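The values are calculated or read from the model by the stated rules, or taken from the named source; none is laboratory data. Quick caveat: nothing in here was measured; it's all calculated off a predicted structure. FYI the Cβ positions are ideal-geometry reconstructions off the backbone, even for glycines, and counts take in every protein chain you see.
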Amino acid sequence: MNPIVKFIKESNGNVSLLKIEDDSIVTSFSPTQNVVRDLSHPNKFKIQSETSFESSPFVLDYWEIDGSACEPMINSSSFDGFLKELSEKFFFVNTGDGQGEGQVQEVHVNNFPPVPSFFKVYESPQYRGNVYGFTSSNQSKKYIVQSVFQLSSTSQINFWSPNHFDNEYGFGTMMTDSAESRLIPSIDTFQMNGMFIKITSTFNFFGGRYHLLRLYQDVRTNEVYLMANQSTAIGTYIPFDFSTLKAVDGGFLIECLSLNLKIEVRNKFF
């Protein structure tokens with residue numbers, strides 16, 4: 001397939017897609033769009049807004065783009081490198097002060113392999129049940145990412161960093177864990193691996209008890225799996241109650257009644 005289009009970063013911050021043959025415009029994008037790999041087609045990607053993930057993404061084939069004709073030029077010869085350069089050089093918020101091209105939006109990716117084979121923006125996270133036997137990298141399934149949280153009070157959440165893993169490369173402890181070890185107030189929504197999450201608990205944490213909440217994500221799909229346990233019963237996991245499962249705007253809410261635990265997972269801040 002011969003390249004037929006190119007990207008141009010306009011002075012006002014917008015991104016134009018032009019035909020190479022005659023410089024006629026195909027479409028124009030706001031710089032606040034997301035660049036997302038199309039997981040069902042190996043060479044295609046989507047340009048879409050955060051508020052309309054499923055409605056009308058603009059789909060392009062990597063081989064249709066002439067990186068050398070783009071302004072600024074895209075130098076990468078790989079699909080992954082191309083998507084990274086496209087995001088960093090074209091889809092950012094312009095400062096509007098006429099000084100340079102603006103500021104690139106900072107993106108944090110936690111608990112993914114150093115060179116991820118997949119990156120998923122969660123269009124509508126779907127709860128897929130309680131899982132068992134995923135407590136080490138050796139027992140995990142391919143493309144499953146685990147994040148573990150310690151709950152020892154009703155006011156804050158702690159990343160249980162030594163237990164994070166990915167199975168793409170078999171790391172039992174992710175390289176970013178030490179940097180990502182931090183406390184999160186329970187009232188806050190936080191972002192992890194493309195999803196927005198809020199965890200609350202009214203459990204009586206007496207005598208040093210705590211919960212471990214394990215959240216698993218299939219990075220190829222919208223599927224989310226959960227399990228939790230008490231500190232007094234390590235390895236004995238308590239199921240979340242399906243009767244509490246509710247659809248909420250952009251995702252789901254579910255509870256673990258015996259631990260007075262509630263988790264909300266969405267595709268947007270709430």
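Where in the range 1-113 are there strands (runs of 3 or more DSSP E), lying wholly inside it, with at least 3 residues that are modelled with pLDDT under 90?
Numbers: elements: 5-9, 15-19, 25-29, 34-37, 44-48, 58-61.
The qualifying strands (runs of 3 or more DSSP E) are 34-37, 44-48.
For residues that are surrounded by 14 or more Cβ atoms within 10 Å (Cβ to Cβ) and either without any contact (Cβ under 8 Å) to a residue 24 or more places away in the chain or outside the structural domain of Ala69 (by TED's automatic domain parsing) (or both), scanning just the range 18-40, find the one that is farthest from Pro57 (Cα to Cα).
Going through the qualifying residues, I end up with Leu18.
Out of Arg214, Arg209, report the one residue that is of a type in the set (D, E, K, R), touching a Ser or Thr at 6+ places or on another chain (Cβ under 7 Å) and under 14 Å from Leu151 (Cβ atoms).
Numbers: Arg214 fails: touching a Ser or Thr at 6+ places or on another chain (Cβ under 7 Å).
From the options Arg214, Arg209, the qualifying one is Arg209.
For the range 216-270, how many residues are in a loop (DSSP other than H, G, I, E, B), over 16 Å from Ile197 (Cβ atoms) and in contact (Cβ under 8 Å) with a residue 40 or more places away in the chain? Can you show your working first?
Initially, the range 216-270 is screened for residues in a loop (DSSP other than H, G, I, E, B), giving 219-222, 234-237, 239-240, 249-250, 260, 267-270.
Pick out the ones that are also over 16 Å from Ile197 (Cβ atoms) and you get 220-221, 234-237, 239, 260.
After this cut, where a residue has to be in contact (Cβ under 8 Å) with a residue 40 or more places away in the chain as well, the list is 220-221, 235, 237, 239, 260.
The total comes to 6.
Being farther than 17 Å from Gly81 by Cβ and in contact with an Asp or Glu (Cβ under 7 Å, 6 or more places away or on another chain) is the filter here, so list the residues in the range 33-49 that pass it.
Within the range 33-49, Asn34, Lys46 meet the criteria.
One line per residue, one yes/no per condition, for (1) under 30 Å from Lys268 (Cβ atoms); (2) not aromatic (Phe, Trp, Tyr):
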residue: Met1; (1), (2): no, yes
residue: Phe7; (1), (2): yes, no
residue: Asn12; (1), (2): yes, yes
residue: Ser16; (1), (2): yes, yes
residue: Lys19; (1), (2): no, yes
residue: Phe29; (1), (2): yes, no
residue: Val35; (1), (2): yes, yes
residue: Lys46; (1), (2): yes, yes
